[in-house]
């Protein structure tokens, strides 16, 4: 099983041939989900005492299993937040898997960590973070947000202890009512409370709204408040909070500012869009997911700390067998998140950046913003359709006049069943509407027109 026999070479060639075939497809098949009964009938039991052989397993994946998945890199996959990994990133993901790299410590993975750190340094630079900023690639924004808040609470605990203050009955994080569900998940994991700050008509969290919500809260809540989470591009709408005034309020309150930019902060790569994110340079930490709008394969979240020392104190694990990895001069990715073992998941992103250059990245991100504007104009042109709000970043919300919630969902299901597109309804201010999320540079206005025509 661990020796490279002749049959293994044949299997490797078959797998590489499959990967090349998939890379050459334009467009890739959209696919659609299948029921448990359908998959059981077509695939059956694959885990047996004797094994079914790699050739048969690959055959089943190619013929059945892959087709029962929806390709997130299809140009008409416009739901959730799509992905569109570059060819270079996808190919290098194969290299990372074949190289058997451990990315948790400098001792074992210094070359990989060095390369990942260059990609992280670029993200820190376009955000305006200082040179000493550090970070780590994690498996997703949920874990990235959690790790940042763990570091924030640890710092608050240290400060309370140094000042001789009492530990609050409950620790509290403030966020807007529009914050991503991962913040609620982090609160539940950490056993802390959330202070939900109402937002204005524009859906943005501001420093004034944060200050007012804290002032109106109970003394117990104010005593436990240690961080605020702002959002730079909400998943549903693309709204960017007023980061500058939120930073002012956080400084006044003496709390940590974390920015969830899992989707939207990729737009920092576009110079003319950078002013929308004024204030990000004052955050204590932020995340962005390269597997969303920075064209890396699933899964990769970049977590950056403006001052990494607090994160190190919060996350560095101690054990006898780990002592060799803890030299002060070394940089260990495991010191910056809740993980220990870690795949070097930032390497495909690094390879893609190194291959194509940051100018190409700026142009690719810009294309998502531009097609959102084109799509909005096309919607405006049609009498049976109506924009719900102006596009924000690369997200467009619109309605089909006269349709019910049931009609939206039935149309969406038909579109996917016919493997035309994946466009899902969402809820905005209590109303069921339709939503486009543009990330893939291969998506064209012709794709948009095809989808909109099906709504007639």
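The values are calculated or read from the model by the stated rules, or taken from the named source; none is laboratory data. Since we're looking at a predicted model, the values are computed, not measured. Note that each Cβ is placed from the backbone with ideal geometry, even for glycine, and that neighbours are counted across all protein chains shown.
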Study note, to complete from the structure: Flagged pairs (Cβ under 8 angstrom, 6 or more apart or on separate chains; first in the stretch 215-233, on the phi > 0 side of the Ramachandran plot; second part of a helix (DSSP H, G or I) and at pLDDT 95 or above) are 233/264; 233/265; 233/267
Exercise for review: Look through the stretch 173-186, keep the residues that are touching a residue at least 24 places away in the same chain (Cβ under 8 Å) and part of a helix (DSSP H, G or I), and return whichever of them is surrounded by the fewest Cβ atoms within 10 Å (Cβ to Cβ).
Suggested key: 185
Point to revise | Enumeration of residues in the stretch 193-207 that are closer than 11 Å to residue 178 by Cβ and either crowded, with 18+ Cβ neighbours inside 10 Å or touching a residue at least 12 places away in the same chain (Cβ under 8 Å) (or both) | key: 196, 197, 198, 199, 202, 203, 204, 205
Review point. For residue 33, which of the numbered conditions (1) assigned to a loop (DSSP other than H, G, I, E, B); (2) more than 24 Å from the chain's Cα centre (by Cα); (3) exposed (fewer than 15 other Cβ atoms within 10 Å of the Cβ) fails to hold?
Key: (2)
Point to revise | Options 166, 170, 153: the member that is in contact (Cβ under 8 Å) with a residue 24 or more places away in the chain and either outside the structural domain of residue 301 (by TED's automatic domain parsing) or part of a loop (DSSP other than H, G, I, E, B) (or both) | key: 170
Revision key, fill the gap. Here the qualifying pairs (Cβ atoms under 9 Å; residues six or more apart or on different chains; first in the stretch 11-30 and under 21 Å from residue 415 (Cα atoms); second part of a helix (DSSP H, G or I)) come out as 28/22; 29/66; 29/67; 30/416
Practice item. Take residue 147 and decide whether it is assigned by TED's automatic domain parsing to the domain that holds residue 260, within 16 Å of residue 288 (Cβ to Cβ) and crowded, with 18+ Cβ neighbours inside 10 Å. Key: yes
Revision key, fill the gap. Residue count, the stretch 36-62, condition under 31 Å from the mean Cα position of the chain (by Cα) and in contact (Cβ under 8 Å) with a residue 12 or more places away in the chain, comes to 4
**Study point:** Residue that is surrounded by the most Cβ atoms within 10 Å (Cβ to Cβ), among those in the stretch 288-303 that are under 9 Å from the mean Cα position of the chain (by Cα) and not in a helix (DSSP H, G or I)
**Key:** 302
Exercise for review: Considering every residue within the stretch 46-55, establish whether at least one is in a helix (DSSP H, G or I) and surrounded by fewer than 10 Cβ atoms within 10 Å (Cβ to Cβ).
Suggested key: no
Review point. Which members of the stretch 253-282 meet the condition of being closer than 15 Å to residue 364 by Cα and within 15 Å of the chain's Cα centre (by Cα)?
Key: 263, 264, 265, 266, 267, 268
Study note, to complete from the structure: Picking from 124, 83, 115, the residue that is touching a helix residue (DSSP H, G or I) at 6+ places or on another chain (Cβ under 6 Å), assigned to a helix (DSSP H, G or I) and touching a residue at least 40 places away in the same chain (Cβ under 8 Å) would be 115
